[in-house]
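The values are calculated or read from the model by the stated rules, or taken from the named source; none is laboratory data. Source: prediction; values computed, not measured. In this analysis, Cβ positions are derived from the backbone assuming ideal geometry, glycine residues included, and neighbour counts consider all displayed protein chains.
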Amino acid sequence: MNIAAPASAKVRDLTQHRLERALRQRVRYRYVRPRVLREGESFRIQSPCCSRNVDPSGGMIDIALLIPHRDTGWCLCARDHVNGTWVSQFQNKQLNPLLDLLCVDNERQFWP
C-alpha cells in the first residue's frame, strides 16, 4: 500500500529546496554551508559563525527565520543574538524579494 504525503508537506519540501538553492547564491560567506531547518510552518536558517562576532569558536548560529503568513505572504526575521530573540525585518507577499535581501545583506543584519 502506497500512501502519499499530504500536499502541505510537498509544498514545504519545495520551499526548503528553493531556500537552499537561493542561499548558494549569497554574497557573504560563500564558502560555508548554511542549513535550512523546518520549524512547523517556518524555516530557520543556521550558518557557521565565520566572523566569530557571535560565537568565538565559529559554531553554528541562527541567522534568519522565514515565517509564512496566509494573508500577508512572508516575514523575514533576523536573530538578535544579544537578547536571544527574533526581530522582524521585512515582509513581502512574495518570497523572492526576501531571499534577495537575505543573500545580499548589505547591512549585515543576517550574516553578522
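Below is a table of values for the structure above.
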quantity: Cβ pairs under 8 Å, 6+ apart, first in the range 20-48 and without any contact (Cβ under 8 Å) to a residue 60 or more places away in the chain and within 20 Å of residue 96 (Cβ to Cβ), second in a strand (DSSP E or B) and of a type in the set (Phe, Trp, Tyr); calculated: 36/43
quantity: Hits in the range 75-112 (condition: more than 14 Å from residue 26 (Cα to Cα), among the basic types (Lys, Arg) and either in contact with a Phe, Trp or Tyr (Cβ under 7 Å, 6 or more places away or on another chain) or at pLDDT below 95 (or both)); calculated: 79
